[in-house]
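Every number here is computed from the coordinates shown, using simple stated rules; none is lab data. Keep in mind the model is a prediction, meaning the values are calculated, not measured. Here the Cβ positions follow ideal geometry from the backbone for every residue, glycine too, while neighbour counts run over all protein chains shown.
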Amino acid sequence: MLQLENIHKKFGSEEVLKGISLQVNRGDVISILGPSGSGKTTLLRCINLLERPNQGTIRIGDLSVNTEKLLRKDILRLRRKTAMVFQSYNLFANKNTLENVMEGLLVVKKMKKEEAKAKSLALLEKVGLANKADHYPSQLSGGQQQRVGIARALALDPEVILFDEPTSALDPELVGEVLNVIRKIAQEGVTMIIVTHELSFARDISTHVVFMEKGHIVEQAEPKELFSNPQQQRTKEFISSRI
Ligand code: ADP
């Protein structure tokens, strides 16, 4: 469903991604783990071309994009097949919760207002925020804002949702409510890639776990395998330092 082939990314002379290849099947929940600075967020941002890789191919559904020859129409098509949930929520401060979720449906999907409203209210219900539809982001907790971010991503019916450390800006007591929403939509079969530091969560919900270091995928496996029987020394050290 999604295939990355030999993705390279440099910032100046620093090569941050050194040839990443990854296959994601429909319904997969892939967690990306690794030390800070290993390129996890950059990889996620390369998938929807928020960062432009210097080399490599991205295939998603029927679309194949050679990142060395990017066409504007390919960038738009690729972005429409993905949705991103950001660490810092990135909600529109001047729009209420319902309007934040509706925005993509009106602007990107060109949906009629009543239809967009009904769909958005159903999604707010799903993330437990039906009673906050008319609240503005500043009136919500971080956990609630992030749940709006998730509803907004779901609204676009993307082929894959990309989560960039979705709980790392949250106070510890708010992490659980966001992880529970992510767990629920994972169980519904939504394909997702999650960059996270929450190891026990990754072990719990992932179909596959990818361990990255210094711009490489060091190891990938099913969570049971990777956590209980890591093959690479670096993976062992990382996991034992975190548990
Ligand atoms: P991780 O998510 O694993 O912590 P990142 O992908 O955020 O790693 O960063 C990998 C490396 O790329 C780091 O050395 C970081 O400083 C560098 N980097 C990330 N984004 C940029 C940018 N926009 N400009 C320059 N360097 C960047």
Just to confirm the number: angle between the C-alpha axis of helix 233-242 and the first principal axis of the chain, 0 to 90 degrees, nearest 10? 40 degrees
Sequence-distant aspartates and glutamates (8 or more away, or on other chains) whose Cα lies within less than 13 Å of K126: E177, E188
Pairs of Cα atoms under 8 Å, at least six residues apart: use those to get the relative contact order of the range 1-131, whole percent. 18 percent
Distance between Cα centroids, the range 1-63 to the range 115-137: provide it in whole Å. 32 Å
Work through the residues other than T235 whose Cβ is under 10 Å from its Cβ and net out their charges, Lys, Arg +1 and Asp, Glu -1. -1
Value of [θ]222 nm, deg cm²/dmol, for the chain, DSSP H segments ≥ 4, -39500 (n - 2.57) each, nearest 500: -11500 deg cm²/dmol
Set the Förster radius R0 to 45 Å, insert the Cβ-Cβ distance between D62 and E173 as r into 1/(1 + (r/R0)^6), and round the FRET efficiency to 0.05. 0.55
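Beyond a 22 Å Cα-Cα separation, which of these cross-linked pairs lie in this structure: K40/K110; K184/K236; K95/K117?
Those over the limit are K40/K110; K184/K236.
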For a protection proxy built on the mean count of beta-carbon atoms within 10 angstrom, sort 230-240, 94-104 highest first, please. 94-104, 230-240
Efficiency by 1/(1 + (r/R0)^6): what FRET value for K224 and S36, r their Cβ-Cβ distance, R0 = 22 Å, to the nearest 0.05? 0.30
At a threshold of 8 angstrom on Cα-Cα distance, excluding pairs fewer than six apart, so keeping six or more, what relative contact order does the chain reach in percent? 26 percent
What is the packing order of peptides 55-65, 80-90, taking the mean over residues of other C-beta atoms within 10 Å and listing the highest first? 80-90, 55-65
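Could you tell me which of rounded, prolate or oblate describes the range 8-122, using a ≥ b ≥ c as the square roots of the eigenvalues of the alpha-carbon gyration tensor, with rounded for a/c under 1.5 and, failing that, prolate when a/b is larger than b/c and oblate otherwise?
Numbers: a/c = 2.09, a/b = 1.71, b/c = 1.22.
In terms of gyration-tensor shape, prolate.
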Going through K9/K81; K10/K214; K73/K113 one by one, the pairs whose alpha carbons sit over 18 Å apart turn out to be K9/K81; K73/K113
